[in-house]
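Written out below as C-alpha cells is the structure these notes cover.
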Protein chains: 2
Amino acid sequence: MTVRRSIPDATVARLPIYHRVLTGLVDSGVTTVSSEELAADSGVNSAMLRKDLSHLGSYGTRGVGYDVDLLVYQIARELGITSEWPVVIAGVGNLGRALANYGGFDSRGFRIVGLLDADPQVVGRTFGRGARAQIVHDLSDLEQVVADGQPAIGVIAVPAESAQSVCDRFTAAGVSSILNFAPVELVVADSVEVRKVDLATELQILAFHEQQRRQRTDRELIDVTDANLAGVGDRT
Amino acid sequence: MTVRRSIPDATVARLPIYHRVLTGLVDSGVTTVSSEELAADSGVNSAMLRKDLSHLGSYGTRGVGYDVDLLVYQIARELGITSEWPVVIAGVGNLGRALANYGGFDSRGFRIVGLLDADPQVVGRTFGRGARAQIVHDLSDLEQVVADGQPAIGVIAVPAESAQSVCDRFTAAGVSSILNFAPVELVVADSVEVRKVDLATELQILAFHEQQRRQRTDRELIDVTDANLAGVGDRT
DNA sequence: GAGGGTTTGTGCACTCGTGCACAAGCTCGG
DNA sequence: CCGAGCTTGTGCACGAGTGCACAAACCCTC
C-alpha cells in the first residue's frame, strides 16, 4: 500500500509527455494502449513508463493495457490540469509573444491573466488571438496585475539585467512559481520554485557533443595523440 | 592521471552557466575567484563546482582560487566556443524570431547561417540586426541552405505537425545536432543528437508542484482523507 | 625558512534514476 | 471450468550524481 503522494521528480517531468501523447491517441480514436506502444511514442523505456504510471495508482489491466480516456484523466488530475492556472508574463519581446500566442496553453489548463512590459511602445498593445487577447500593462503595474489576476505562476522573459528585480517583485506579490527565460541564476526564498530555460545553454550542450564527435572521428582518421594542443589557434 | 575525455553529462550541462558567470566577472574586472564565490553565483554547491572544474584539468591554485581569465578560456575551449558553430533555424514564428534576435549567440560562438519558413508572407523578409541580418528562405530550399551554410546544429521551431518532416530533412542533409521546440518526440538515428525544450511541459511541472503545495497546506487546515474521490463525474 | 591560514582536489558514502526480468493477474477460446 | 497467451506491476541490481569532510598544496608573514 504505497502512499499516493511523493511522486519522483523524474516521473513528474515525464507525465506531461505521456499526457500529450495520450491526447493525440484520443483524437485518433484509440481507446486502449499498451505500455509498449505508449512508451515508444513517448520515447522512453516501457518498464520505466509502467513504473511511472504505477505511482498514480493501478489503472492498467494486465493482459490488455491501459484505457486511454481513464489514463488521460488520471494524469491530468495528478498534474492539476483539472483546475485552471492563471499565468502572468513579464516581458513581451519575441519570446513573451511566442508564449502569449502558444496554442497549447488553454487545453492544458493555463490562462494568461497579464502581460507586462517596460517599453512604452509595447504597453497598451494587444497580443493573443480571440478570447485569449490580452493588453500589455506597464511593468510598473506588476503588483496591481498580480493582485487582480492572482497568478500562481510568473514567467520572466525580460532582459537579464531586470530579471532579478522582476523576480523579487513577483515573489513579494505572492507568486510562488517562476519560469525564467533570462540567462541569470535567480536568487529566491526556499518557498519559491524556479525553473529555468536557457536557449544558449542548450545550444552549447549540443555544440559540446558535436565537438566530441568530431574529435573522435578525427582521431580515427589520423591517430595522433592530442598531447600538444599548444597552438590552439584557428580550428578551420 | 585521469584521461581528459568523458566529462559527465551533468557537468557539461553546468559548464555554460559557469562560463556565463565568469564572463560577467571578467566584465567586472575580477581577476581571481574562489570556488565558494563562483558556486554561489552559479547556484550550485562549491564541492560540486570544484569537481566539475577538475574534469577540465587542474587550473586552480590552492589557497588562492581560480584565475578568471584562464578559467573562461579553458571552459570555452572545452565547450567548443573557440570555433564557430553555424546554426540553421526552421520556423520563423515568434520563437524563431526570438532566437534570431537573441544577443548572446555571437559571443558564444554561434552564427545563424539560415532562416527557413513555409509561410509566403514571411519568406523574403529580413530578421536580425546589423551584421546578423538574415533573409528568410522558403522551407522547400532547406537542402540548399544546409548545403551552403554547412550547419552542424538545426533548430526546429515549426508547428508540431511538420516537426518530424523538417527533422528528417535536416538529418538527411547532414545536420547531426537538433534543438527541438515543437511538442513532439522526434524519431532519429542514433548518430543524431536531439535536445528538447517544451514550454508547456515546464509550466506543467511548476503547476504540479504548486498543486502539491496547496494540497499540503489544505490538509494542515482540514484533516480529511481524500479516500472518496469516487464521483469523478463525466469524462465525455 | 618555518608556520599559520586558506583553498583546491578528491575519497567516500548516500541517494536517485533506470532497466532487466519475472511473478501476478487478466481475457479469451475450447 | 481450465489453460494458453498477453500485459501489467515490481523486486533487484547497477550506474550516475551529489555533497561532506579532509588531506594536499599554496601564499604570506615573521
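Taking the range B:55-74 as the range and being in a strand (DSSP E or B) and in contact (Cβ under 8 Å) with a residue 24 or more places away in the chain as the test, the residues that pass are B:G60, B:G65, B:Y66, B:D67. Against the conditions (1) assigned to a helix (DSSP H, G or I); (2) surrounded by fewer than 15 Cβ atoms within 10 Å (Cβ to Cβ); (3) at pLDDT 95 or above, A:D218 satisfies every one except (3). Scanning the range B:25-35 for residues that are more than 10 Å from DNA strand D (Cβ to nearest atom) and part of a helix (DSSP H, G or I) returns B:L25, B:V26, B:D27.
When A:L38, A:L79 are screened for being at negative phi, within 11 Å of DNA strand D (Cβ to nearest atom) and not charged (D, E, K, R), only A:L38 passes. Is it true that B:D106 is at pLDDT below 95, more than 10 Å from chain A (Cβ to nearest Cβ) and away from DNA strand D (no atom under 16 Å from the Cβ)? Yes, satisfied. For the range A:140-166, the set of residues classified as within 17 Å of A:P86 (Cα to Cα) and either free of Cβ contacts under 8 Å to residues at least 24 places away in the same chain or touching a Ser or Thr at 6+ places or on another chain (Cβ under 8 Å) (or both) consists of A:Q144, A:A152, A:I153, A:G154, listed by residue number. Out of all the residues in the range A:38-74, which are touching a Ser or Thr at 6+ places or on another chain (Cβ under 9 Å) and of a type in the set (D, E, K, R)? Within the range A:38-74, A:R50, A:K51, A:D52, A:D67, A:D69 qualify. Given the criteria surrounded by 15 or more Cβ atoms within 10 Å (Cβ to Cβ), within 12 Å of DNA strand C (Cβ to nearest atom), touching a residue at least 12 places away in the same chain (Cβ under 8 Å) and not in a loop (DSSP other than H, G, I, E, B), does A:R50 qualify? Yes; evaluated as a whole, the condition is true for this residue.
Annotation: of all residues in the range A:75-102 being in contact with a Lys or Arg (Cβ under 9 Å, 6 or more places away or on another chain) and without any contact (Cβ under 8 Å) to a residue 12 or more places away in the chain, the one that is farthest from A:S54 (Cα to Cα) is A:N94.
Filter the range B:8-24 for residues that are more than 9 Å from DNA strand D (Cβ to nearest atom) and either outside any helix (DSSP H, G or I) or farther than 15 Å from A:H209 by Cβ (or both) and give the result. Residues satisfying the conditions are B:I17, B:Y18, B:H19, B:R20, B:V21, B:L22, B:T23, B:G24. Exactly one residue out of B:V30, B:V44, B:V21, B:V64 is in contact with a helix residue (DSSP H, G or I) (Cβ under 7 Å, 6 or more places away or on another chain) and surrounded by fewer than 15 Cβ atoms within 10 Å (Cβ to Cβ), and it is B:V30. Just wondering, is there one or more residues in the range B:82-93 that are assigned to a helix (DSSP H, G or I) and buried (at least 21 other Cβ atoms within 10 Å of the Cβ)? There is no residue in the range B:82-93 that is assigned to a helix (DSSP H, G or I) and buried (at least 21 other Cβ atoms within 10 Å of the Cβ).
Scanning the range B:67-81 for residues that are surrounded by fewer than 17 Cβ atoms within 10 Å (Cβ to Cβ) and among the acidic types (D, E) gives B:D67, B:D69. Considering A:L25, A:L15, the condition of being within 22 Å of A:D106 (Cα to Cα) and more than 21 Å from the chain's Cα centre (by Cα) is satisfied by A:L25 alone. I'd like the full set of residues that are near DNA strand D (Cβ under 9 Å from one of its atoms) and within 14 Å of chain A (Cβ to nearest Cβ), limited to the range B:50-65. If the condition is that a residue be near DNA strand D (Cβ under 9 Å from one of its atoms) and within 14 Å of chain A (Cβ to nearest Cβ), then B:D52 is the only one that fits.
The values are calculated or read from the model by the stated rules, or taken from the named source; none is laboratory data. Computed from a predicted model, the values in this text were never measured in an experiment. With ideal geometry, Cβ positions are generated from the backbone for all residues, glycine too; neighbour counts draw on all protein chains shown.
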